Each structure stands twice: as C-alpha cells, then as structure tokens.
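Here the structure comes first, spelled out in structure tokens, and everything after it is commentary.
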Amino acid sequence: MFTFQQFKVYQENAAMKVGTDGVLLGAWTPVCEKAERILDIGTGTGLVALMLAQRTDKSVVDAVEIDAPSCLDARENFEISPWNDRLNLYNSSLQDFSKRVDFKYDLIVSNPPFFSGSLKNPNQRIAAARHNAGLSQEDLLSGVLQLLSDEGRFSLILPVSDYETFRMKAARAGLFESRRLEVMPNPGKPVKRIVSVWERVFSDESIVEEMVLELSRHHYSNSFRRIVSEFYLH
C-alpha cells in the first residue's frame, strides 16, 4: 500500500505499481476548473484518476483499464477515497470503450504502455502494461480524438525516445502540443521523460519547462517537491 496525504493506493494485484511517472502526470497536468468530465486511460491502480479527483471539486473522473486484476485494486482505491461518488471504473480496452461512449471529455490523461522494441517481460500482464502491442500510438490517438471535446486537452507522459515519433503522428491526426515539461533524472543528465499537453488548435508558442527530478538519490529537487506538495506525505 502507498499512502498519500488524502488517499491510499492498494496495489497488490496491479501489473504496474505506483511510480514517479504517474505521480508527475497527475500532479503537473493543467486542470481547468470548468472540466466536467475527465478520462484516465490505462489507470492501473487508479493513481492518476485519484490525483485528478483531489485536484477538482465537481469533475466526474472516468478510468479505463484492460487488466482485470488491476481493476480490483483500482475499484477498492476508488471506493475508499473521499471522491468515490465522482470516480467510475471501466474494465475495458480503450478501443472498445471509445465505441460505447457517446459523450466527450474536457481532459484526457494517459501514462501509456510505451516500450515497443525492447525485450518483453516474461510476465504477460506486466508486458501488456509496459509494451504498446495492445495500445499503439495510433490506437491511443484515435481513441483520444474520438473522445476529446473540441476545446479539450490531452496530457500524457512518454520517454524522450518516443516523444518525437508521437509528436509527428499527433500532428498528422490533428493534435498539437501546447505545453510540455522536460524531466531530467539528475543534474547534468539528458532529458528522460516528457510530460506534454495536446489540443486540437495549433499554437505557434508551445510553453516549454524543464525540471530536475533528483539532486541525489532520494533527494528530490525543489521543483519536484513543489509539484507534488499536495500529495506526498514527506
């Protein structure tokens, strides 16, 4: 179990446990006060959905997860949270979910499976959570474009190695970056992760920020501390 300031995350059954990527996505993603519906694609334990529920007052937060055992954890985490009346869980693939839903989302977030060329984990559930064979970038973009409102935003986190490919595919599909956070693991190290926000309207001036994650082992930077200050206990 992982304990945050306002909620707890049980993760005994989940294929992917609580990690920095999810925390960054949930804490940094810009959230509009007027957002009525939010969707978390590949929710896993429900971490990002819980963080977004904490950051909003009235938004309905839907979460999609294809892995049934992970849904056991997410459902429990939703039920024991202070926002259980605004959190909904769907055990489904994005592809199937997007065909059934007839409403749009003001914000969509995803910490997607992104490894495509590396050796797969022998554990099939972990492999499915980490590798994009079941949810390619094309499938992700197709689902987002179908579910996103005209003025909605899509936020996701990717390894820097996959970012440029996604950017080109997104532009061809009709999504354009409006903001991004480039995350370096340590001072002097190259960017490892990119958290980015995408919209249907093209902007000439994308806001670019940089952040160092750790100054040394488990010694987090002030920038990271500020972003997660409302979530981490210490």
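The values are calculated or read from the model by the stated rules, or taken from the named source; none is laboratory data. All of these numbers come straight from a predicted model, not from anything done at the bench. Note: ideal-geometry Cβ built from the backbone for every residue, glycine included; neighbour counts use all protein chains shown.
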- Looking only at segment 37-71, count how many residues are within 12 Å of the chain's Cα centre (by Cα) and among the aliphatic types (A, V, I, L, M). 11
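Restricting attention to segment 32-42, and to residues there that are of a type outside the set (Asp, Glu) and assigned to a loop (DSSP other than H, G, I, E, B), which single residue is nearest to Lys17 (Cα to Cα)? Write out each step before concluding.
Just the residues of segment 32-42 that are of a type outside the set (Asp, Glu), to begin with: 32, 34-35, 37-39, 41-42.
Next, only the ones that are assigned to a loop (DSSP other than H, G, I, E, B) stay: 32, 34-35, 42.
Working: Cys32: 28, Lys34: 31, Ala35: 28, Gly42: 12 Å.
Among them, the one singled out is Gly42.
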- Filter segment 43-75 down to residues that are part of a strand (DSSP E or B) and either touching a residue at least 40 places away in the same chain (Cβ under 8 Å) or acidic (Asp, Glu) (or both) and give me whichever is surrounded by the fewest Cβ atoms within 10 Å (Cβ to Cβ). Asp62
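Give me a count of the residues in segment 1-31 that are of a type outside the set (D, E, K, R), more than 16 Å from the chain's Cα centre (by Cα) and part of a loop (DSSP other than H, G, I, E, B).
Going through segment 1-31, the residues of a type outside the set (D, E, K, R) turn out to be 1-7, 9-11, 13-16, 18-20, 22-31.
Filter once more, keeping what is more than 16 Å from the chain's Cα centre (by Cα): 1-7, 10-11, 13.
Applying the additional criterion that residues be part of a loop (DSSP other than H, G, I, E, B) yields 1, 4-7, 10-11, 13.
So the count comes out to 8.
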- Task: Considering only segment 143-158, state which residues are outside any helix (DSSP H, G or I), in contact with a strand residue (DSSP E or B) (Cβ under 6 Å, 6 or more places away or on another chain) and not hydroxyl-bearing (Ser, Thr, Tyr).
- Result: Leu148, Gly152, Arg153, Phe154, Leu156, Ile157, Leu158
- Within segment 91-103, residues of a type in the set (Phe, Trp, Tyr) and surrounded by 19 or more Cβ atoms within 10 Å (Cβ to Cβ) come out as Phe97
- Kindly list the number of the only condition in (1) at pLDDT 95 or above; (2) crowded, with 18+ Cβ neighbours inside 10 Å that fails for Ala128. (1)
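Please specify each residue of segment 146-157 satisfying the condition of being buried (at least 16 other Cβ atoms within 10 Å of the Cβ) and either small (Gly, Ala, Ser) or closer than 13 Å to Trp198 by Cα (or both). Step through it out loud before you land on a result.
Applying the first criterion (buried (at least 16 other Cβ atoms within 10 Å of the Cβ)) to segment 146-157 yields 147-149, 152-157.
The answer is Leu148, Ser149, Gly152, Arg153, Phe154, Ser155, Leu156, Ile157.
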- Considering only segment 22-40, how many residues are surrounded by fewer than 22 Cβ atoms within 10 Å (Cβ to Cβ) and either of a type in the set (Asp, Glu) or under 18 Å from Asp67 (Cβ atoms) (or both)? 2
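So, in segment 197-217, exactly how many residues are farther than 30 Å from Leu147 by Cβ and surrounded by 13 or more Cβ atoms within 10 Å (Cβ to Cβ)? Reasoning before the result, please.
Looking only at segment 197-217, we keep the residues that are farther than 30 Å from Leu147 by Cβ, and these are 210, 212-217.
Still in the list and also surrounded by 13 or more Cβ atoms within 10 Å (Cβ to Cβ): 212-215.
Matching residues across segment 197-217 total 4.
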- Task: Residues being at pLDDT 50 or above and either more than 21 Å from Thr165 (Cβ to Cβ) or part of a strand (DSSP E or B) (or both): count how many of those fall in segment 106-124.
- Result: 8
